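Participant: My structure is below; once you've seen it, I'll send some questions.
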Amino acid sequence: MAEKANVLLLGDHNVGKSSLVNYQRIGKFCDKVYKTEELGLNTFILPIKDKRYKIIVKDSPGLRHDHRNESFVIPEFKKSPVIVFIYDKTYRGSFDRILDIKQMVDDHVNRHNGYTYILVGNKSDDKNNVKVTTEEGQSRCTKSEMDFFIETSAKEGTHVAELFNEVSSAVNDDREFVRFATQGYAVLAAFEVLNINSADELNVHIENLKTNEQKKTFLEKLSSDIVKRFVATETFKFTHEGEAENNTNNRTSCGFPGCPKTFSIDGRCRQRHRETCQYQNLEILGDVGQIESIHEEKETHTKTTKLEDKKFNYSCCLLRKG
């Protein structure tokens, strides 16, 4: 089974992100490439050393100063260990925009967690209209502390395969980094649990164990102690109690007692939610006899009769307190 990895393509409008993906998929340039309006997912199975990786290439819509597409592109930053920044060599505005897009990424991810940045200058075939030279692209890659620079042409297929080979290598490097970091954290945690300072002292602990069963028991207990001390440190608590009533973000609550749903404005979304809200028919908190008497009282009054206390109810209490 192929392992999965995400790769995100970023850049201005009309820089050729979709064209590069299409060329890698079908091996030729396609004239009928439509404007990308939402995040497109493209899957490639690529061999990396002794494994096969399912590379999910996310083709994002263009990012411009109007911030139009940022709301659904920004959440993808942390999900993609490899980010490819693409500009159009024949349009300097797309090259200048790379700085803003990279800063946006840096504001939302920690680069030291193993992210790989690749800079791509596309449309290298249109040599008569070049506005950004190769030297400028390489300089921008170095000054922006990106990991790799390459120029491509989705029309002629120039260096497209090389780009995706580099993406594959970056995916593998990222996995090796995560594996190495995880092993390092585990060793440091073991040192802390055993109250030792070096690997030699750890070897002494293990050498004193005569049988495989003793070693197995030792490692199981060590693993359990590491999890208890450094992983499972807090008990889960149901924290959304009173979220709708104590709303401090100027959002509009559903209105039915106990419903935690809130809305940015009192519009159609809130109205549609209220029509199907599971809290709309819940009654007030009380014992069975009290609730039955309330039902009887409601049947003898007009439909406009309202209950005095609608803040709490039995069903809502069960949902919140478990």
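Participant: If I ask for residues that are crowded, with 19+ Cβ neighbours inside 10 Å and of a type in the set (Phe, Trp, Tyr), which ones from the stretch 116-148 would you list?
Facilitator: Selection gives Tyr117 alone.
Participant: Which number in (1) modelled with pLDDT of 80 or more; (2) surrounded by 12 or more Cβ atoms within 10 Å (Cβ to Cβ) marks the one condition that Asn172 misses?
Facilitator: With respect to (1) modelled with pLDDT of 80 or more; (2) surrounded by 12 or more Cβ atoms within 10 Å (Cβ to Cβ), Asn172 is out only on (1).
Participant: Looking only at residues that are at pLDDT 90 or above and assigned to a loop (DSSP other than H, G, I, E, B) in the stretch 78-98, which one is surrounded by the most Cβ atoms within 10 Å (Cβ to Cβ)?
Facilitator: Lys89
Participant: Filter the stretch 29-52 for residues that are closer than 15 Å to Glu162 by Cα and of a type outside the set (Phe, Trp, Tyr); which is surrounded by the fewest Cβ atoms within 10 Å (Cβ to Cβ)?
Facilitator: Initially, the stretch 29-52 is screened for residues closer than 15 Å to Glu162 by Cα, giving 44, 46-48.
With the extra rule that they be of a type outside the set (Phe, Trp, Tyr), the set shrinks to 46-48.
Values: Leu46: 19, Pro47: 10, Ile48: 19.
Per the stated criteria, the residue is Pro47.
Participant: Could I ask something else about it? For a quick check of your reading of the model, give me the residue pairs whose first member lies in the stretch 194-215 and is on the phi < 0 side of the Ramachandran plot and in contact (Cβ under 8 Å) with a residue 12 or more places away in the chain, whose second is of a type in the set (Lys, Arg) and surrounded by 11 or more Cβ atoms within 10 Å (Cβ to Cβ), with beta-carbon atoms closer than 8 Å and at least 6 apart or on different chains.
Facilitator: These pairs meet every condition: Ile206/Lys215.
Participant: In the stretch 23-46, how many residues are in contact with a helix residue (DSSP H, G or I) (Cβ under 8 Å, 6 or more places away or on another chain) and either within 20 Å of Ile83 (Cα to Cα) or in a strand (DSSP E or B) (or both)?
Facilitator: 9
Participant: Of everything in the stretch 54-93 that's under 19 Å from the mean Cα position of the chain (by Cα) and aromatic (Phe, Trp, Tyr), which residue is farthest from Ser153 (Cα to Cα)?
Facilitator: Across the stretch 54-93, the extreme among qualifying residues is Phe72.
Participant: When only residues in the stretch 219-228 that are within 12 Å of Ala186 (Cβ to Cβ) and exposed (fewer than 14 other Cβ atoms within 10 Å of the Cβ) count, which is modelled with the highest pLDDT?
Facilitator: Leu219
The values are calculated or read from the model by the stated rules, or taken from the named source; none is laboratory data. If you're wondering where the values come from, they're calculated on a predicted model, not measured in any experiment. Virtual Cβ from ideal backbone geometry, glycine too; neighbours counted across all protein chains shown.
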